[in-house]
Amino acid sequence: MIITDINTYNFWLGFRNVCLVKVETDSGVYGWGESGLSGRELAVTGAIEHFKQFLIGQSALNISHIWQELYRSQYFEGGRVLAAAISAIDIALHDIAGKHFNVPVYQLLGGKQRKQIPLFVTSTLAFNADFVDDVKRLKQQGWQAIRATTGEHGCAEQSSLFDARKSIAIAAEWLTKTRESIGQEIVLGIDYHHRLTVAETVSFCQKMPVGTLDFIEEPIRDQSLTSYQNLRSMTDVPFAIGEEFSSKWDFAPYVDSALTNFARIDICNAGGFTEAMKVAAMCETKYIDMMPHNPLSPICTAASIHYCAAISNLSWLELPPYDGDLSEYDAIFTHRPRVSHNAYPVSDLPGLGIDVDEASLPKQAFKFWEPPRLHKPDGSYTNW
């Protein structure tokens, strides 16, 4: 099982570019992985080209050994670009190992702990009466965990205004009405996409009755542990933090201090299965459930399903994507995961249980895409 080639495929799919990685071996067994660094896929491709030079000729089954070499083989270790490249390769190697031993990837991780993966669904509507109706519709469809977004998305072609004070006032009003409408048994949270300050987040939480929100996802960026500690001292709403993290070392201070209540790990950015399993174990010691980020292609979803099947501490997996046309997925991905009764069944097929028809991949379809640029009322930039 010697690695003979590694290739990357960057192309537009649905509503974003995806970066898939294929690792091939001398036995004819190959594996697929995916990078999650959306908007900077070509940087990941460059990193993989560097890794490829010394990976060819190595055993594809020495996964942990390869992970350590990929991480420690340069002076400037880690970082989001390198971690995303490592993630894609690690996932592909697990796919290879599963196929080689004729078992699903979750079996390599200790076996499955559940038959289906619970999901949370997202409403992206702006905050108004239509949003309330949408959440009620989702509840009627049987969804037990529902997330809101900021309701303001902007566009990549131009800078869009984001007025935090107006945003939190509107969101608080309609989330309160939504909670009153759906009752207390449904999980209701919001992703503020790290657009707020500590003071704005506290003000937002204080504008709603206790129990309105079951979680607030990444209200501020993760660079400052002290800021999150300050925020925790002023609000009791649970935090969902982690999709920005690219290693167990990034997670460690937030887990050790129990600042994250739902760990939003992204297996395509945080080191693949090898690293993600360690993060789950770390979180388990603090009774923190995993709530994986899953906004990419069906390769990411398949990998996330195996990960969620193998760990004990799981809340929900993110249902992707929440916009875009999915019809083109069927021409590219064989046995892609499909939702059944608001959950993903766990596949028993070998490896990831999904394949890619390379002949159906869009030709030269990569698009340079930028996330929306958001600015404050005074014209200065804020986070997307």
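So here's what we get for this one:
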quantity: Global geometry of segment 211-296, whether rounded, prolate or oblate, following the gyration tensor of its Cα atoms and the 1.5 cut on a/c; calculated: prolate
quantity: For Gln116, net neighbour charge (Lys/Arg +1, Asp/Glu -1) across residues whose Cβ lies under 14 Å away; calculated: +3
quantity: Over 24 Å between alpha carbons, listed pairs Lys177/Lys207; Lys112/Lys139; Lys207/Lys376; calculated: Lys112/Lys139
quantity: Separation in nanometres of the label points that stand 7 Å from Cα toward Cβ, at Ser380 and His335; calculated: 5.3 nm
quantity: Percent carbon-and-sulfur accessible area, segment 209-286, ignoring ligands, DNA and RNA, probe 1.4 Å; calculated: 54 percent
quantity: Estimated vicinal HN-Hα couplings, Hz - segment 179-195 in sequence order (Karplus 6.51, -1.76, 1.60; Gly, Pro = x); calculated: 4, 4, 7, 9, x, 9, 7, 8, 6, 10, x, 9, 9, 9, 6, 6, 9
quantity: Cross-link partners of Lys363 among lysines (Cα-Cα below 25 Å; sequence separation of 8 or more within a chain); calculated: Lys22, Lys52
quantity: Karplus-derived 3J(HN,Hα), 6.51/-1.76/1.60, for each residue of segment 327-334, Hz, glycine and proline x; calculated: 4, 6, 4, 5, 6, 9, 10, 8
quantity: Beta bridges by DSSP in the chain, antiparallel share as percent, to the nearest 5; calculated: 55 percent
quantity: Rounded to 5, the percent of DSSP beta bridges in segment 242-384 classed as antiparallel; calculated: 60 percent
quantity: Two-decimal Rg/Rh across the chain, once Rg and the Kirkwood Rh are taken from alpha-carbon atoms; calculated: 0.96
quantity: Formal net charge of residues neighbouring Trp67 (Cβ-Cβ distance under 9 Å; K, R +1; D, E -1); calculated: -3
quantity: Probe 1.4 Å, protein heavy atoms only - accessible area per residue of the chain in square angstrom; calculated: 41 Å²
quantity: Integer Hz, Karplus 6.51/-1.76/1.60 couplings in order for segment 276-289, x for Gly and Pro; calculated: 5, 5, 5, 5, 4, 5, 4, 5, 4, 5, 10, 6, 10, 8
quantity: Protein accessible area in segment 2-72, 1.4 Å probe - carbon and sulfur %; calculated: 50 percent
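The values are calculated or read from the model by the stated rules, or taken from the named source; none is laboratory data. Keep in mind it's a predicted model, so treat the numbers as computed, not measured. Here the Cβ is made from the backbone with ideal geometry for all residues, glycine too, and neighbour counts use every protein chain on show. For accessibility, only protein heavy atoms count, side chains too; no ligands or nucleic acids. Shrake-Rupley method; radii C 1.70, N 1.55, O 1.52, S 1.80 Å.
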